[in-house]
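Sending over a structure as structure tokens; questions will come in a sec.
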């Protein structure tokens with residue numbers, strides 16, 4: 001397969017606005033609940049290991065497709081969302097304080 005195009009993905013400065021991150025965590029919580037109900041814990045976790053699925057999830061919860069930091073922000077939103085539901089999945093680690 002040959003080169004078919006080029007994408008310019010610049011690094012963005014700043015932070016995700018609090019109102020957007022709040023919406024991202026709420027959507028993540030709802031979607032994760034549905035996924036675990038439909039597919040079970042094991043398959044849900046496996047789906048997140050697929051980079052195309054992960055990017056799609058990132059976009060569905062409100063992050064721009066070309067934003068730098070999308071992996072960090074999406075994982076943080078998932079971590080917060082999974083603290084409020086009991087579906088058998090938790091996210092540990094990440095950036096931020098060690099408290």
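The values are calculated or read from the model by the stated rules, or taken from the named source; none is laboratory data. These numbers come from a predicted model, not from an experiment. Methodologically, a virtual Cβ is constructed for each residue, glycine included, from the backbone with ideal geometry; neighbour enumeration extends over all protein chains shown.
Here is a check on your reading of the model: is residue 93 assigned to a loop (DSSP other than H, G, I, E, B) and either on the phi > 0 side of the Ramachandran plot or surrounded by fewer than 17 Cβ atoms within 10 Å (Cβ to Cβ) (or both)? Full working, then the answer.
On the way: assigned to a loop (DSSP other than H, G, I, E, B): yes; either on the phi > 0 side of the Ramachandran plot or surrounded by fewer than 17 Cβ atoms within 10 Å (Cβ to Cβ) (or both): yes.
Against the criterion (assigned to a loop (DSSP other than H, G, I, E, B) and either on the phi > 0 side of the Ramachandran plot or surrounded by fewer than 17 Cβ atoms within 10 Å (Cβ to Cβ) (or both)), residue 93 qualifies.
What pairs come up if the first residue lies in segment 75-99 and is under 19 Å from residue 47 (Cβ atoms), the second is at pLDDT below 90 and in a loop (DSSP other than H, G, I, E, B), and their beta carbons are under 7 Å apart, counting only those six or more places apart or on different chains?
75/94; 76/94; 79/94
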